[in-house]
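Every number in this text was worked out from the coordinates using simple rules, so none of it is lab data. Keep in mind that what you see is a predicted model, and the values were worked out from it rather than measured. Positions of Cβ are generated from backbone atoms using ideal geometry, with glycine treated the same way; all protein chains shown enter the neighbour counts.
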């Protein structure tokens, strides 16, 4: 390996897997055909499949790169893990694996045999869950045992909690394929990780809210991290609905009540997301008026959180049979595609110029 490539590998940004998260959620959102127009359904499915294939390709390349970096540059990885901003970015790896699992269950059956999709989704779920829990505990431990300034609190801290909230979404899709006993066990573990992630999300939200109120706004470079809060909101709503959909396996008698409560919970959480979206847009406009900020990999924070909220909006709209919300989801989807295209093009340009490799 040339010195230049070795240097790039050592300094590889731990947040690269956010590209997998952002591209994967576009695949899922596209396949859902936002807007519900029957004439667009074939095209929506085709776009979903194309984006899924691209996500697999990006994920395979990055997984190898991450593994090589951890093996050859363990010291650099550990140093990043102790960093108050970069540390949380390590969680994009397990989050990306879990998004791949969800995408495999949702879009995979359109172009892959069931003999492949179920084992692949299960393997990705297991890897993402184990790595996510380990990294989440490790990052929290570094925060608890180090000296972290209040001004260091940022939206990137939502990434470890969102990992554990994606777990139940991925697990719920596999419940029908593991039998009654396996399904009940999977549901128990899914609800446990959902509670783990959601409580951590609330704790982190309180920290960030206090930081934004009591201190000057974060540097412009951290502006995209404000959007990350939409991730736990969107995924949290989806998790509640997905687990309720799988509940008949564990308790058919309680399924109806669980479904109603879950829909109400998802709708209430979605409402908070709408408020946070307004805050995120207002702050972004403020940053842009103040001079903006140069492109960096953190821009991928504009994709997955918005995508998760878009899919949640679409799912809630169809659960309530509310065409107006379906139209809102379609508008959000357009914004998501634009954001993904802009960030994707900027990333490719940065790779070609070499700027994206600089920290």
- Query: Taking Cα centroids, how far is the range 277-310 from the range 228-276 in Å?
  - Reply: 26
- Task: Kindly express, to the nearest 10 degrees and within the range 0 to 90, the angle between helix 114-145's C-alpha long axis and the longest C-alpha principal axis of the chain.
- Result: 50
- Message: Please check: in the Gaussian network model of the chain (C-alpha springs, under 10 Å), which one of 71, 178, 49 has the largest mean-square fluctuation.
- Response: 71
- Over the Cα atoms of the range 3-357 the radius of gyration and the largest Cα-Cα distance (Dmax), both in Å, equal 19.4, 64
- Note on the structure: Rounded to the nearest Å, the spacing of the alpha-carbon centers of the range 138-214 and the range 25-86 is 19
- Query: Listed highest first by mean packing, meaning other Cβ atoms within 10 Å per residue, what order do 269-282, 231-244 come in?
  - Reply: 231-244, 269-282
- Please find, in a Gaussian network model of the chain (springs between Cα atoms separated by less than 10 Å), the residue of 105, 115, 152 whose mean-square fluctuation is greatest. 115
- Message: If each DSSP helix of 4+ residues adds -39,500 (n - 2.57) and the sum is divided by the residues in the chain, what number results at 222 nm, nearest 500 deg cm²/dmol?
- Response: -26000 deg cm²/dmol
- Message: Output the 0 to 90 degree angle, nearest 10, between the alpha-carbon long axis of helix 92-106 and the longest principal axis computed from the alpha carbons of the chain.
- Response: 30
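Per 0.36 nm of contour for each residue apart, how much would the distance between residue 213 and residue 46 grow if the chain were fully extended, relative to their Cα-Cα spacing?
So the extension gain works out to 55.6 nm.
Kindly state, to the nearest 0.05, the FRET efficiency for residue 345 paired with residue 76, given R0 = 25 Å and r defined as their beta-carbon distance.
Details: r = 29 Å, r/R0 = 1.15.
Rounded to the nearest 0.05, the efficiency is 0.30.
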- Put a dot 7 Å past each Cα toward the Cβ at residue 288 and residue 65; how far apart are the dots in nm? 2.8
- Quick calc, residue 10 & residue 295: beta-carbon distance into FRET formula, R0 22 Å, rounding 0.05, result 0.50
- Note on the structure: With 0.36 nm assigned to each residue of separation and the Cα-Cα distance removed, residue 152 to residue 272 gains 40.8 nm
- Task: Give me the angle, in degrees from 0 to 90, between the Cα long axis of helix 18-31 and the longest principal axis of the Cα atoms of the chain, rounded to the nearest 10.
- Result: 30
